[in-house]
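**Student:** Would you mind keeping the following structure in view while I ask a few things?
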Amino acid sequence: MEILGLDVGGSGIKGAIVDTVKGELISERYRLDTPQPSKPVRVAKTVSKIVEHFGWKGIVGCSFPAVIIKGRSMTAGNISKKWIGMQADELFSEHCEGLSFYLANDADLAGVAEMKLGAGKGLMGKVMMITIGTGLGTGMFYNGQLIPNMELGRILYKDGEPVEYYAADSARKKEDLSMKEWAGRFDYYLHHMVRICSPDYFILGGGISKKYDKFKDYLTVDIPIIVAEARNNAGIIGAAMHAETLHTLPG
C-alpha cells in the first residue's frame, strides 16, 4: 500500500510517499523548516504545504514529537507548549481538505519501522529505539510489542532540565562540541538507560546515526548497539505503516 508519511520535528518537517509492504520511500523526501515559534496553526499550514507538494488525496501517517493519545498531543517535546491538549489529528485534517491523519509519538513510529522491517526485525526481549536529533526520542519494545509513549529523553538532569538538552545532537551543534565530547555525554545517557530500563538492545536512529562510525568507539555500554537501517527516514516509514494499520482496523 502507498501512504504519505510525515515526520514532524523541532527543526524540520519531512514527508515522502512510502511503500508500506517493502518499508521504502517511493518518492523523493520533501522537507520544510518547522516554523518558529512552532505554534499549532503555523505547523498545520506547513504540513498542508507538504501534502500539497505531493498532490496527496489519501490517508496520512504522522510522527509527532509528543505523547499522543487518540490523536491528541498530551505533551510538547521541542515544539510550542501550545500543542499540549491539542487534537492534532483534527487540526491537520482541517488544514488539508479533510484528509484523515493518524498520529503517534515520533520515536515510537521510528521504532515500529525498524522492528517490523529494519534493524530490529526478529529481535526479542527488550529493545530500546533512540532517535538522536533536536531531542532524544525513545521507543520501547518487548518481544516485538510497542510500549507506547516512553519519553525517556525527558528524564531530568542538571538543574531540573531534561537530559536531552545535554545529550541530544542539538546540544552538540549548539555548544560546538567535538564528536568525542558529545559522545561522552550520550554514553552517560546510555548507561543511565541501562541502569533503569535494562534493555537487551539499543537501536540508534536520527540524523547523527549516519555518523555512527565516528563516535561508536566512545560508547562503553555492555549492550549491543545497532544502527537503524532507515536512519533518518524511519519516522516517515513508521508513520505510513501506523496509518495503514489503524485505517484497516475494524470500526
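The values are calculated or read from the model by the stated rules, or taken from the named source; none is laboratory data. Everything numeric in this text was worked out from a predicted model, so none of it was measured. Reconstructed Cβ throughout: ideal geometry from the backbone, glycine too, with neighbour counts over all protein chains shown. The area values use the complete protein model at the heavy-atom level, side chains included, leaving out ligands, DNA and RNA. Shrake-Rupley method; radii C 1.70, N 1.55, O 1.52, S 1.80 Å.
**Student:** If the Cβ limit is 6 Å and pairs must be 6+ apart or interchain, which residue in the range 95-110 that is open to solvent by 10 Å² or more (accessible area, probe 1.4 Å) pairs with which residue that is assigned to a loop (DSSP other than H, G, I, E, B)?
**Tutor:** As it stands, the answer is Ser100/Ile59; Leu103/Gly71; Asp106/Pro65, since those pairs meet every condition given.
**Student:** Determine the pairs where a residue that is part of a helix (DSSP H, G or I), located within the range 239-251, has a partner that is among the charged types (D, E, K, R) and at pLDDT below 95 with Cβ atoms under 7 Å apart, the partner being 6 or more residues away or on another chain.
**Tutor:** Matching pairs, first to second residue: Met241/Lys116.
**Student:** Within the range 154-191, restricting attention to residues that are among the aromatic types (Phe, Trp, Tyr) and open to solvent by 90 Å² or more (accessible area, probe 1.4 Å), which residue is nearest to Tyr218 (Cα to Cα)?
**Tutor:** Tyr188
**Student:** What do you reckon, is Ile79 under 15 Å from the mean Cα position of the chain (by Cα), part of a loop (DSSP other than H, G, I, E, B) and either under 19 Å from Gly9 (Cβ atoms) or among the β-branched types (Val, Ile, Thr) (or both)?
**Tutor:** yes
**Student:** Asp187 - would you say it is acidic (Asp, Glu) and within 30 Å of Phe54 (Cβ to Cβ)?
**Tutor:** no
**Student:** Sticking with this one: Would you kindly identify the strands (runs of 3 or more DSSP E) lying entirely within the range 118-231 that contain at least 2 residues that are within 21 Å of the chain's Cα centre (by Cα) and among the small types (Gly, Ala, Ser)?
**Tutor:** Because the criterion is at least 2 residues that are within 21 Å of the chain's Cα centre (by Cα) and among the small types (Gly, Ala, Ser), the strands (runs of 3 or more DSSP E) in the range 118-231 that meet it are 136-142.
**Student:** Next question. Restricting the search to the range 71-92, which residues are of a type in the set (Gly, Ala, Ser) and touching a helix residue (DSSP H, G or I) at 6+ places or on another chain (Cβ under 9 Å)?
**Tutor:** Those that are of a type in the set (Gly, Ala, Ser) and touching a helix residue (DSSP H, G or I) at 6+ places or on another chain (Cβ under 9 Å): Gly71, Ser73, Ala76, Gly77, Ser80, Ala88.
**Student:** Here are some conditions: (1) touching a residue at least 24 places away in the same chain (Cβ under 8 Å); (2) of a type in the set (Val, Ile, Thr); (3) closer than 12 Å to Ile237 by Cβ. Val43 meets all but one. Which one does it not meet?
**Tutor:** With (1) touching a residue at least 24 places away in the same chain (Cβ under 8 Å); (2) of a type in the set (Val, Ile, Thr); (3) closer than 12 Å to Ile237 by Cβ applied to Val43, the lone miss is (3).
**Student:** Is it true that some residue in the range 96-108 is small (Gly, Ala, Ser), touching a strand residue (DSSP E or B) at 6+ places or on another chain (Cβ under 8 Å), modelled with pLDDT under 95 and part of a strand (DSSP E or B)?
**Tutor:** no
**Student:** When the residues of the range 10-22 are narrowed to those that are open to solvent by 20 Å² or more (accessible area, probe 1.4 Å) and closer than 19 Å to Leu103 by Cα, which ends up modelled with the lowest pLDDT?
**Tutor:** Ser11
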